[in-house]
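Everything on this sheet refers to the single structure shown next.
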Amino acid sequence: SIQTAWGGRFQSAGAKWVDEFGASIDFDQLMAHEDIEGSLAHVQMLGHTGILTNPEVQQIKTGLEDLQADLDTGKLSFSVEREDIHMNLEALLTEKIGPVAGKLHTARSRNDQVATDFHLYLKHRLPLIIETIKELQTALVQRAEENVETIMPGYTHLQHAQPISYGHYLMAYYAMLKRDVERFEFNQHHTDIMPLGSAALAGTTFPIDREYTAQLLDFNQIYTNSLDAVSDRDFALEFLSNASILMMHLSRLSEELISWCSYEFNYLEMADEFSTGSSIMPQKKNPDMAELTRGKTGRVYGHLMGLLTTMKGLPLAYNKDMQEDKEGVFDTVKTIIPCLKVMTGMIKTLSVHPDKMAAATQNDFSNATELADYLATKGIPFRQAHAIVGNLVYEGLQSGKNLQDISLADYQKIEPRIEEDVYQVLDPKVAVQRRTSLGGTGFDQVKAQIKQAHAELD
Ligand code: ARG
């Protein structure tokens, strides 16, 4: 027989390169802390239930605590021959305390162990992710507060549609991020379920106490089906899916920041700290960090598609395919947090050009809806009002006249019910202010959103 965890059954060891192919230690060492945490709870439960004696439990516990200390001070080194973090740590424990270490794996399998570690890994990181989203939300609300009355063109099809408040625009991203927070909070429920105690797939004949272990690990729930427990990766897929939606939001915001910092729009200017120059063109100021955020969206989507595809059609229960579940999730955590931080920094330091935004609403036809609405309030059916204004726009485009440039005499020739107050209505700022319907861009509505946001963030 050979010297591995399953040596008894085997006559020859695999070639080194095959071991390397099968190993996950290169990446799953990121869960070293969680693995020790899980083992500590497990061994305590084995003592509590009398499956191991107290002296055995004490030795194993002390050994695990030593391992944790070594891990914290960077003294642990792992090897590919030991395949993964679970077997590496068990081997290191054996080096420390001798053969009694072998009792730790009583009533446990790597299948419930790895699932538990992975749940703990995500459970530990979701609060930070939620916190980091909220920091971006806070930055958006601050900027919205300063810009309730900053008027800019609102777009549909990237064509001028109607003037809006820049604060309203910023609060739209706040609202998207609020749903992201809710999705990650929901994700916490499915991450907060303990697989440990399911053993390889069928449970165990040992008199374990899963409630006790769950309490020690602070798990809110326990998987009630052992097959499901060791083969469920829904919580990871939900995480990747939530992260993908979050990145989609960040990529849209990035795209707009990039466009609006361009010479053509010039609504915004990115702070130097978040821009780069060109090694050849001295005038350049490039919004690299926004572009990179937009670009990183691709890898997060890729991780979602990767894990969905890995899990597709897998028979119950554990299959080695599932070792592929971790890297995408780790990389996603490593990606979304800095993207959120960079976006927060960009939003906080962005300079706004209100004059440029306003100018873009003053020399266009984005007040056409105002005139149509005005005619409708005078009793003209909206469809007819729409046609009248459409004609005026057509003529204005030929003559170079905007709607506010048409004289009252000319207006009254078209429709005698038009009066002097029409010019007030055509003012973009007034157009924004008057949109007081619930959730509209009217100043009071934007202020109401901001007020609610403060309550939500506290
Ligand atoms: N390294 C494995 C993984 O990441 C641990 C579980 C292995 N279990 C097994 N029976 N091969 O999925």
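Data table
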{"item": "Criterion: more than 14 Å from the ligand (Cβ to nearest atom) and in contact with a Pro (Cβ under 8 Å, 6 or more places away or on another chain) - qualifying residue of Thr138, Thr150", "result": "Thr150"}
{"item": "Search result, residues across the range 193-244 that are crowded, with 19+ Cβ neighbours inside 10 Å, more than 16 Å from the ligand (Cβ to nearest atom), outside any loop (DSSP other than H, G, I, E, B) and among the hydrophobic types (A, V, I, L, M, F, W, C)", "result": "Ile193, Met194, Ala214, Leu217, Phe239, Leu240, Ala243"}
{"item": "Failed criterion for Phe365 (all others in (1) in a helix (DSSP H, G or I); (2) among the hydrophobic types (A, V, I, L, M, F, W, C); (3) closer than 30 Å to Gly442 by Cα hold)", "result": "(1)"}
{"item": "Long-range neighbours under 8 Å by Cβ, at least six apart or interchain, first residue farther than 14 Å from Leu237 by Cα and in contact (Cβ under 8 Å) with a residue 40 or more places away in the chain within the range 109-124, second among the hydroxyl-bearing types (Ser, Thr, Tyr) and near the ligand (Cβ under 8 Å from one of its atoms)", "result": "Asn111/Tyr318"}
{"item": "Restricting the range 255-306 to residues that are of a type in the set (Gly, Ala, Ser) and in contact (Cβ under 8 Å) with a residue 24 or more places away in the chain, the residue that is surrounded by the most Cβ atoms within 10 Å (Cβ to Cβ)", "result": "Ala290"}
{"item": "Neighbours by Cβ (under 8 Å, 6+ apart or cross-chain): first from the range 229-244, farther than 14 Å from Leu126 by Cβ; second in a helix (DSSP H, G or I) and β-branched (Val, Ile, Thr)", "result": "Ser244/Thr297; Ser244/Val300"}
{"item": "Unmet requirement for Arg417, which otherwise passes all of (1) of a type in the set (D, E, K, R); (2) over 30 Å from Met248 (Cα atoms); (3) modelled with pLDDT of 95 or more", "result": "(3)"}
{"item": "Lone unmet requirement of (1) in a helix (DSSP H, G or I); (2) modelled with pLDDT under 95 for Gln445", "result": "(2)"}
{"item": "Residues located in the range 42-88, provided they are of a type in the set (Gly, Ala, Ser) and exposed (fewer than 13 other Cβ atoms within 10 Å of the Cβ)", "result": "Gly50, Ala69, Gly74, Ser77"}
{"item": "Qualifying residue in the range 415-432 (condition: part of a helix (DSSP H, G or I) and more than 44 Å from the chain's Cα centre (by Cα))", "result": "yes"}
{"item": "Members of the range 396-432 that are crowded, with 16+ Cβ neighbours inside 10 Å and among the small types (Gly, Ala, Ser)", "result": "Gly396, Ala431"}
{"item": "Residue in the range 304-332 that is nearest to Arg125 (Cα to Cα), counting only those that are in a helix (DSSP H, G or I) and away from the ligand (no atom under 16 Å from the Cβ)", "result": "Thr332"}
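The values are calculated or read from the model by the stated rules, or taken from the named source; none is laboratory data. Note that the structure is predicted; figures quoted are calculated from it, not measured. A quick note on method: Cβ atoms are made from the backbone with ideal geometry, for glycine too, and the neighbour counts reach across all protein chains shown.
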